[in-house]
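The values are calculated or read from the model by the stated rules, or taken from the named source; none is laboratory data. These numbers were taken from a predicted model, which means no experiment stands behind them. Positions of Cβ are generated from backbone atoms using ideal geometry, with glycine treated the same way; all protein chains shown enter the neighbour counts.
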Amino acid sequence: MSVLGLDVGTSGCKAVVIDEMGNIKARAHREYNSIVPRPGWIELNADELWNAVQETIHEATEKYSASPILAVCMSTMGDSFVTVDKHGGSVGNFILASDGRSKNESLFLEHEIGAEKIFQITGMPPHPINTITKILWLKNHAPEIFSRAAKFLCAEEFVISKLGLYPVTSYSNACRTMAFNFKELDWAQEILEVAGIRRNYLPDVLPSGEKVGVIPRSIGTRLGLGGGVKVISGGMDQACGTLGSYSIHNGSVQDSMGTVEAISITLEKNYLNAELSEKLLHGCYSINIHVVPERYLIMALVLNAGSILTWFKETIVNEDALRAGKGGMNVFDALLSKALPSPTHLLLLPYFTGSGTPDMNPLAKGLIMGLDLGTRKEDILKAILQGIAYEVALNVDWFEKNGIPIEELRCVGGGSSSRFWLQMKADLLEKPVKKMVEKEAAVLGAAILAGVGEGIWNSSVEASMCIVKEEKTYTPKQEFRDFYRIQKALYQKLVTCLQDLYPDFDSLIQRMK
């Protein structure tokens with residue numbers, strides 16, 4: 001027996017096939033490129049995404065045919081959506097979570113309903129990252145697309161529809177829209193009415209790990225799956241990731257080091273009270289429905305992490321990247337190998353598309369402080385890594401200050417491959433940092449849900465405990481502790497003193513458009 005997990009993300013699609021013992025038997029991966037039609041807009045071609053999903057599934061099934069695949073489940077990027085017409089075809093592109101065009105629509109909903117009430121209903125602080133603000137933007141600014149809409153689908157239900165089934169989404173993904181009542185587990189009619197969005201534009205919902213349907217034989221055969229393969233409801237990538245990193249108990253923390261760096265904290269439902277909820281709202285933290293029953297997921301976000309490293313590689317070290325690639329070496333490792341082991345004095349604010357928690361300021365801009373004529377590329381790279389780590393530290397400090405103890409970070413995602421970065425985080429945070437054997441935790445979590453839905457395992461908690469393995473623990477070193485403490489205080493001062501400057505700077509940018 002085997003099952004297939006999919007992770008449909010912002011930059012690519014991954015698949016793993018695991019057997020009934022939890023062993024990974026096959027992998028596949030396809031990348032796709034985002035589209036930036038205007039500054040601040042970030043989109044993804046829906047056909048390109050679906051083609052990548054098909055190729056990924058087909059490759060994975062070709063690599064492992066020893067036992068039939070019984071079920072498929074997906075981890076998907078949150079917030080992003082595409083418009084679909086009455087024939088099931090996409091109208092326009094996916095608008096991604098990091099797309100910032102719907103600032104005014106977010107402010108409109110906040111003004112009409114109130115930030116506190118929106119949070120009480122949806123668990124989401126009002127922000128243009130969330131789906132409903134982007135749908136409202138389409139209604140206001142792209143009537144040629146909005147008028148053709150039969151459904152607005154996020155990635156999970158879009159792929160489900162392409163697999164030949166009625167589009168259904170998980171509670172875990174629905175709650176990211178800022179239009180879903182996370183307590184009543186249904187679409188929030190009051191918010192939809194204010195936005196002027198009819199309920200039938202949105203998919204049906206169900207819990208993670210439930211059977212959605214059976215893929216039609218014709219589609220299953222084309223993908224290499226055969227007939228009779230079930231689709232199991234999945235979840236938002238960070239929630240699935242906590243299952244794939246065994247970060248699913250009260251206060252346990254997953255640090256997903258990807259395009260966006262997401263710090264995900266699991267809380268049992270009875271731990272969340274009115275006082276903590278109010279604090280979370282003021283800290284701009286979202287309360288998400290977990291893929292594991294009777295749990296919530298509190299998410300902290302560094303909106304730009306891996307995306308800044310990509311920018312750095314393509315913009316600043318392009319030729320070095322080519323040389324490193326020819327030598328079989330990662331360009332970042334190549335640069336860091338030339339650098340001194342000590343931290344850099346440079347301060348970098350990684351706000352390339354706004355700041356994440358605990359401020360969530362869409363007007364915030366990136367900045368490097370401390371440049372001089374002796375600054376080298378490797379210094380800037382270190383500043384990027386330190387800046388992202390300081391953002392993680394600000395969030396960890398916030399949680400601990402507000403009664404959520406954090407003992408360690410369990411790191412996954414592409415960034416967890418860097419030993420240098422993991423040790424830096426341990427030193428800077430003064431906490432153990434664990435690297436998991438399987439860095440692609442989200443796709444593993446999806447595969448676990450597929451197995452639970454198929455009945456291979458009794459529960460997701462039991463399966464995660466048995467399957468997930470730790471590779472190495474990085475313990476904090478004392479050598480640079482005092483430097484990091486002083487620099488973190490300076491970093492916090494810099495963040496604070498720039499807040500009043502952002503609106504004027506944004507106005508200047510708008511004049512240039």
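Could you tell me which of the residues Glu184, Glu261, Glu193 is under 28 Å from Thr357 (Cα atoms) and without any contact (Cβ under 8 Å) to a residue 24 or more places away in the chain?
Working: Glu261 fails: without any contact (Cβ under 8 Å) to a residue 24 or more places away in the chain; Glu193 fails: under 28 Å from Thr357 (Cα atoms).
Residue meeting the stated conditions: Glu184.
Is one or more of the residues making up the range 154-164 within 20 Å of Val36 (Cα to Cα), within 22 Å of the chain's Cα centre (by Cα), at pLDDT 95 or above and not polar (S, T, N, Q)?
Here is the first cut: in the range 154-164, the ones within 20 Å of Val36 (Cα to Cα) are 154-155.
Filter once more, so that each one left must be within 22 Å of the chain's Cα centre (by Cα): 154-155.
Among the residues that remain, those that are also at pLDDT 95 or above are: 154-155.
This time we only want the ones that are not polar (S, T, N, Q), so: 154-155.
Yes, the range 154-164 contains a residue that is within 20 Å of Val36 (Cα to Cα), within 22 Å of the chain's Cα centre (by Cα), at pLDDT 95 or above and not polar (S, T, N, Q).
Looking only at helices (runs of 4 or more DSSP H) that lie completely in the range 167-271, which have at least 2 residues being surrounded by 14 or more Cβ atoms within 10 Å (Cβ to Cβ) and among the hydroxyl-bearing types (Ser, Thr, Tyr)?
Here the list reads 171-174.
The residues on offer are Ile95, Ile121, and the sole one that is aliphatic (A, V, I, L, M) and touching a residue at least 60 places away in the same chain (Cβ under 8 Å) is Ile121. When Val205 is tested against (1) of a type outside the set (Asp, Glu); (2) over 18 Å from Gly451 (Cα atoms); (3) more than 24 Å from the chain's Cα centre (by Cα), only condition (3) is not met.
For the range 1-32, give me each residue that is more than 18 Å from Lys439 (Cβ to Cβ) and touching a strand residue (DSSP E or B) at 6+ places or on another chain (Cβ under 9 Å).
Of all residues in the range 1-32, those more than 18 Å from Lys439 (Cβ to Cβ) come to 1-4, 19-21, 32.
Within the range 1-32, Met1, Ser2, Val3, Leu4, Asp19, Glu20, Tyr32 meet the criteria.
The condition of being charged (D, E, K, R), on the phi > 0 side of the Ramachandran plot and touching a Lys or Arg at 6+ places or on another chain (Cβ under 9 Å) holds for only one of Glu378, Glu408, Glu438, Glu430, that being Glu430.
Residues checked against (1) crowded, with 20+ Cβ neighbours inside 10 Å; (2) under 23 Å from Lys493 (Cβ atoms):
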position	(1), (2)
Asn330	no, no
Ala334	no, no
Leu340	no, no
Thr357	yes, yes
Glu391	yes, yes
Leu409	yes, no
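When you look at Leu107, is it free of Cβ contacts under 8 Å to residues at least 40 places away in the same chain and either on the phi < 0 side of the Ramachandran plot or in the same structural domain as Thr56 (by TED's automatic domain parsing) (or both), yes or no? Step through it out loud before you land on a result.
Numbers: free of Cβ contacts under 8 Å to residues at least 40 places away in the same chain: yes; either on the phi < 0 side of the Ramachandran plot or in the same structural domain as Thr56 (by TED's automatic domain parsing) (or both): yes.
Yes.
Among the numbered conditions (1) without any contact (Cβ under 8 Å) to a residue 60 or more places away in the chain; (2) farther than 19 Å from Ala441 by Cβ; (3) of a type outside the set (D, E, K, R), the only one that Ser34 does not meet is (1). In summary, strands (runs of 3 or more DSSP E) completely within the range 400-507 and bearing 3 or more residues that are of a type in the set (A, V, I, L, M, F, W, C) and in contact (Cβ under 8 Å) with a residue 60 or more places away in the chain occur at 409-412.
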